[in-house]
1. Looking at the stretch 289-314 only, could you name the residues that are in a helix (DSSP H, G or I) and either surrounded by fewer than 18 Cβ atoms within 10 Å (Cβ to Cβ) or at positive phi (or both)?
2. Restricting the stretch 94-123 to residues that are assigned to a helix (DSSP H, G or I), in contact (Cβ under 8 Å) with a residue 12 or more places away in the chain and among the small types (Gly, Ala, Ser), which is nearest to residue 166 (Cα to Cα)?
3. From the list 57, 53, exactly one residue is free of Cβ contacts under 8 Å to residues at least 24 places away in the same chain, basic (Lys, Arg), assigned to a helix (DSSP H, G or I) and surrounded by fewer than 21 Cβ atoms within 10 Å (Cβ to Cβ). Which is it?
4. Of 181, 153, 190, which residue is of a type in the set (Lys, Arg) and without any contact (Cβ under 8 Å) to a residue 24 or more places away in the chain?
5. So for the stretch 264-274 (the condition being touching a Ser or Thr at 6+ places or on another chain (Cβ under 9 Å) and of a type in the set (Asp, Glu)), does at least one residue qualify?
6. If we scan the stretch 234-244, do we find a residue that is under 30 Å from residue 107 (Cβ atoms) and either in contact with an Asp or Glu (Cβ under 8 Å, 6 or more places away or on another chain) or of a type outside the set (S, T, N, Q) (or both)?
7. Tell me the residue from 145, 126 that is touching a residue at least 60 places away in the same chain (Cβ under 8 Å) and within 30 Å of residue 262 (Cβ to Cβ), please.
8. State which residue is farthest from the chain's Cα centre (by Cα) when the search covers only the stretch 24-50 and only residues that are crowded, with 16+ Cβ neighbours inside 10 Å and among the aliphatic types (A, V, I, L, M).
Amino acid sequence: MSPPDGPRPGAALVFLHNLRCGGNSLNYLFADTLGPDSFFKLGAVAGGSHTHKDFLKAARDDRTRFYLGHFCYGVHRHIRRPTEYFTVLRRPVDRLLSAYAITGARRGENLADWIARTPDARNGMVRRLCGIGPNEDAGCLWDYVRECPVDERFEPGPEHLAMAREIVAARIPVVLLHERRAEGLVLLQRRHRLPPLISVTHAHYNETPSGWRIGRPDPRDVARLIAANRLDGELHETLRRREQARYAAMDETFHRRVAAMRAIAAIGHVTDRQEMAVAEFVDRLEAGLRHLTADGRSVLADDIADLLRGHPDLPPGALAGWPDPDAAGTGE
């Protein structure tokens, strides 16, 4: 079984948020583009936290088609409309060094002990795709496919890698790669007929601060992570190749939009800054557009303006003076 071809503008969309894959900033892309009330968020929210029970109620009420957060595969059975998933994958060693830097390393815990006590550090991406993860309401490890508790000693094996691949083929038509997020976002926007997913103020929210990052890792630590995440490594490599081949086959309009999305993300990026004021973004945007135009890259400048024109966080007239999007837009 594979997902239906073509756009799915009415389908529900569930985000399987793997830790340290840029998911918090991606949540902001939805919030800042579609509005904070346009989706259900599992986990931490303003003023508290949403649990699986809260999700079940939201799914019954059917007030949204977007479900974001640390979901595991299997929750689609509770949603009252056709459902697809999307996820972000990252090279396992990079993902887990980032996770270790902000949890274990900051407490002085050695890497081997951290891996042993952290299930997500042992093939966590395969676990989530197979529907295995914590359930705060039940107070235990949970199988969201079979809706039952799982032995806390559970470790995924080759059969779970095969299951994850089958689930991706059947239910996850868009897999974003952490290192090439712009391409995945454009594919997601096309398939679900979404506006450009752009955050003016939180494009790089929750990035690991430079002072917390691990420099050159000990080769022995890298070897430990590779050994503990062989299934995740195989999964990532398979899907990386698939998605890169897919990007290469896309049309010029796709690649122009990707270039514009990357440029907008760069405009909103300052090292160790997780938020940016709108006025500062507008100043940086206008300076960037002038630089591109002076550098002979007016097509990219116009594509950037086209994507941002009408964004709810930008003040009226922020892009006044730039060519009409009908004259020099992205063509979509």
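1. Once the filter is applied, which keeps residues that are in a helix (DSSP H, G or I) and either surrounded by fewer than 18 Cβ atoms within 10 Å (Cβ to Cβ) or at positive phi (or both), the stretch 289-314 yields 290, 291, 293, 294, 298, 299.
2. Checked the stretch 94-123; the qualifying residue nearest to residue 166 (Cα to Cα) is 121.
3. 57
4. 153
5. yes
6. Within the stretch 234-244, one or more residues are under 30 Å from residue 107 (Cβ atoms) and either in contact with an Asp or Glu (Cβ under 8 Å, 6 or more places away or on another chain) or of a type outside the set (S, T, N, Q) (or both).
7. Just one listed residue meets the conditions, 126.
8. Selected residue: 34.
A short reminder: the numbers here are calculations on the coordinates, not readings from a lab. Given the structure is predicted, the values throughout are model-derived calculations rather than measurements. Using ideal geometry, Cβ is built from the backbone for each residue, glycine included, and neighbour counts are taken over all protein chains shown.
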